[in-house]
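What follows is a short report on a single structure.
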Amino acid sequence: MAVSGKNPSGAREITLVRYVLKNISRRKLRSGLTISGIAICIAFFIVLAAISTGLNNYIQSELEERKEGTIYIYRPVPFSPDEFETLRAVTDEYFADSDIDYAITPTIEVTFIRKYGAAGFESNVEYYNLMGCGPEGVHTHWEQYDFTEKLHSGEHLDTIGQTQAGIVMGYRLWNDYYSNKTVGDTIDIVPKNISFKTVPWTMHDRYIAGDTNYTTEDIPPIRDVKLVGILAQSKGYRWVDYIGFLPMEFMLKAFKLYDDKNDTYYYPGITILIDDATDLDFSELEFMYKEAVVGAEGWDNRFEMRLDWLEDMENTVSSWFNIIITIISLVSIIGVSNTMLMSVSERRTELGILRALGFSRGKIKQLIFAEAIAICLIAYCISLVLGVWVSHYFNTQYELSLGLGESSIFFSPAQVSIEIVLASFCIAVLFGTIAALYPAHRATKVDPVEALRYG
Amino acid sequence: MADKIPLIKVSNVSKSFALAKRARSPLTVLHEINLEVRTGEFLAIVGPSGAGKSTLLYIMGALDRPSSGTVYFNGENISKMKDRELTNLRLRHVGFVFQNYNLIPNLNALENIAVGQIMDPSLGRNGKGASEVLEHVGLAERSDHLPAQLSGGEQQRVAIARALFASPSVILADEPTGNLDTKAGEAIIKLFSKLNKKLGTAIVLVTHNTNLAKYAGRKVEMVDGRI
């Protein structure tokens, strides 16, 4: 292929590339529409590939950065101390041969709700988490791990002692009722005419989703309790003004987690913290728990659930990616092929002239291939700009939506890698090549004598 | 010695076409034609429409193959040549000029002339450049014009320049004045005559106009596929 240049007389030489570009520009509307269609197809490929790459990279970084694992086990019937000891023994056995540090603790985290109809609030539903501990002390472990630190770090105004329960006071509840309270003050946590109901932890998501098809239980008003600690401005609970900490015992009684006759504590949940969960087989551990303690359901491994969700999403994107690639490949190839076939049909005389002038069949074939590939490469250039811009927009929107906790079509980061740029280039060339196969064959079959006589 | 070998020798050439699959006998358009074209000669083949002039011209120019007989080009039998060899022969040694000019519409005059460089970038390098050839046909100032911007006579001049570009041994012109008025037609034939004398390129002119044949050095008449 000659390089375009100038001959000694100063005129531009005609080269294959120049000839092909002139042919494309000759039929502006048809070429433009074909190029636009393919550009959109390839841009779509770039965006999907960018999302797939972004999602993959995100999962990898999640795995790298969030090695810590947290497993929660809840069930409607609280665990007895004996059951807790059984689970501890199973956990010891599971981790016996590994270097992984872990901690298993009983967890008291009960959700209870109230209707809160104050004007001007986004929601008239308030819920509270009662977080606390058993006889061993506080087990929320908010300060122990980096990821929890990021989520829950806040301004600890004060705490007294280790035996306490937290009341989440969100939606300006604190401001409305407790803003003048400090540690040591006595408060009611059932302000005015508001009643509380228990909501089992495992039903919490259903409650938030508006599903009330489960049993709730009224709990007695909690009055005259001493505020023993305050956690302010929690990042983990965005809607929370403050978390108040109260003495445990009467709370446990209220939730039937303390049997004062036998002096026995019960635990609605178990928490297992693991310092490096990268290579753990959670399902095996889950199976061991279920074998050891009947009813150890409510498995809530958020770390793994999040990764599962991401992997599901990645699989979904990959599936769509494959389907769309197939469709856009067919559309592009058929589109270019059709354009080239029309071009060959319309240019029978021209092809006959070229044959008469000494163009070989191979060169005619080369012209058709070059034209089809040029169409796809022009489309590629446009699609690259379009695809990169859309991917960038998608990524920006994703980053903006982070932390809002809202569903969005911008569900993943999107990253256009050099591999995607190269792959889309190869795809464009491949589209052009495949699309030109039949038209090129037809072009070489043009009989120059017939073409010159009859067109 | 070389001058004694005809540039093109057509020996007992016949050409038949199968009209349809069920047709009993094919249509024979050339009947055992014998003809020689000498180097530097200006030959006119005259005859009415349907006489087989164009078919003969295409066979002489290695664009078509005879059904029987032999065609020699510079003493070489081209009847049995492979397609690739015939293509090369047309590229370097034969120039075609057609009745409909057959210029490529999206290329300007200069690009039309040099279009063979797409096939072989070295084409025309040893001889006249495209601009010089355009000067020969008197269109130097129209080099950037597209065919649609040229008159019929001018388009035909560009076609002649294109035929001359590779410095061929022969130009085969198929009714080159067929679409031109008398004056423009005569101008084209005079141009052929001038180029023939100036450059020494052999010219075979196919025409049904006997008046134009007078410019040729030799004239043969064809009727019903026979000379």
Rough spin-label spacing in nm, given labels placed 7 Å along Cα→Cβ, for residue A:445 and residue B:31: 3.6
Pairs beyond 22 Å (Cα-Cα), from B:80/B:197; A:363/B:9; B:9/B:53; A:22/B:194: B:80/B:197; A:363/B:9; A:22/B:194
Nearest-ten-degree value, helix B:182-199 long axis tilted from longest Cα axis of chain B: 90
For the range A:22-34, Karplus couplings with θ = phi - 60° (6.51, -1.76, 1.60), whole Hz, Gly/Pro x: 5, 5, 5, 6, 5, 10, 4, 5, 5, 4, x, 5, 4
Heavy-atom SASA rank of A:309, A:389 (probe 1.4 Å, accessible area, largest first): A:389, A:309
Threshold 10 Å² - residues in the range A:340-374 whose accessible area is reduced by that much or more when the chain is no longer isolated, probe 1.4 Å: A:349, A:350, A:353, A:354, A:355, A:356, A:357, A:358, A:359, A:360, A:361, A:363
Partner chain coverage, peptide B:57-64 - average Cβ within 10 angstrom: 3
Interface burial for B against A (accessible surface, 1.4 Å probe, total of both chains, Å², rounded to 100): 2700
Amide hydrogen neighbours beyond the local backbone of residue B:95, cut-off 5 Å, H modeled: B:170, B:171, B:172
Value of relative contact order over the range A:341-455, rounded to a whole percent, pairs C-alpha under 8 Å and six or more apart: 53
Chain B, relative contact order [Cα under 8 Å, separation at least 6], %: 30
Virtual spin-label span in nm between residue B:141 and residue A:28, 7 Å along Cα→Cβ: 2.9
Rounded FRET efficiency, nearest 0.05, which uses the C-beta distance separating residue B:83 from residue B:181 and R0 of 35 Å: 0.35
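The values are calculated or read from the model by the stated rules, or taken from the named source; none is laboratory data. Keep in mind that this is a model prediction, so the values were computed, not measured. With ideal geometry, Cβ positions are generated from the backbone for all residues, glycine too; neighbour counts draw on all protein chains shown. Areas reflect the complete protein model, heavy atoms only, side chains present, ligands, DNA and RNA absent. Shrake-Rupley method; radii C 1.70, N 1.55, O 1.52, S 1.80 Å.
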